[in-house]
Amino acid sequence: MTLSTRDLLPIGELSARSGIAASALRYYEDLGLIHSERTSGGRRRYRRSTLRRLAFIRAAQRIGLSLDEVGASLAELPVDHAPSPAEWNHVAGAWQQRIDDQIAELQRLKDRLTGCVGCGCLSLTRCGLYNLGDQAARRGPGARYLLGDEPPPAA
C-alpha cells in the first residue's frame, strides 16, 4: 500500500502532536518501538498510527513498565496500521494484573504512611521509614518496612 504524504508525519510534527521530544522519538525508533519510512533525502516520516503507539508507550511508562516490557507488548501489535479493538484489548488485558498489583502496593504504602506523623514520628520502633543501623539491608533492597516487611521488635 502506498501512503500519501498526508498519511505520513515528519518527525517535528509527530513530536508536536505527541508531546514527545524528537530525540526521544529517534531513541524509540532505535529500540524498535516505533518505525519510520525514509524519504529519498533520508528524512524520517511516520505513519499517523504512530501517534497511538506513542500514547501506548506513555501510558505504559506511567504504570511503571520498562521500555523492554513496552517493546514486548508492542511486538504483539501491528506496525502498518492502527490496532483493532481486539488487538488493543489483548495487550491491555495483560496489564490489568500489573495495575491491580500496583494499586494494592500503593494502598499498603498509603495505609502505612497514614499513621506516620511526618518524620517527627511518635513511634520510631514501628516507623516505616526509620531503619536504625540499617538493619533492613539484609532483607533486600529498597525501603523494606514500607514494602511490607515488619520492623524488628523494640530493644
> Got at least one residue in the range 93-112 being surrounded by 12 or more Cβ atoms within 10 Å (Cβ to Cβ) and either at pLDDT below 75 or outside the structural domain of A22 (by TED's automatic domain parsing) (or both)?
Replying inline: yes
> Can you tell me which residues in the range 47-80 are part of a loop (DSSP other than H, G, I, E, B), of a type outside the set (A, V, I, L, M) and under 22 Å from S15 (Cβ atoms)?
Replying inline: R48, S49, D80
> What pairs can you find where one residue is in the range 1-16 and assigned by TED's automatic domain parsing to the domain that holds R44, the other is exposed (fewer than 12 other Cβ atoms within 10 Å of the Cβ) and modelled with pLDDT of 95 or more, and their Cβ atoms are less than 8 Å apart, with a gap of 6+ or different chains?
Replying inline: S15/A21
> Inside the range 29-83, can you point out the residues that are touching a Lys or Arg at 6+ places or on another chain (Cβ under 7 Å) and either surrounded by fewer than 16 Cβ atoms within 10 Å (Cβ to Cβ) or free of Cβ contacts under 8 Å to residues at least 24 places away in the same chain (or both)?
Replying inline: I34, E37, R38, T39, I63, A82
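The values are calculated or read from the model by the stated rules, or taken from the named source; none is laboratory data. Owing to the predicted nature of the structure, the values given are computational and were not obtained by experimental measurement. Heads up, the Cβs are rebuilt from the backbone with ideal geometry, glycines too, and the neighbour counts pull from every protein chain shown.
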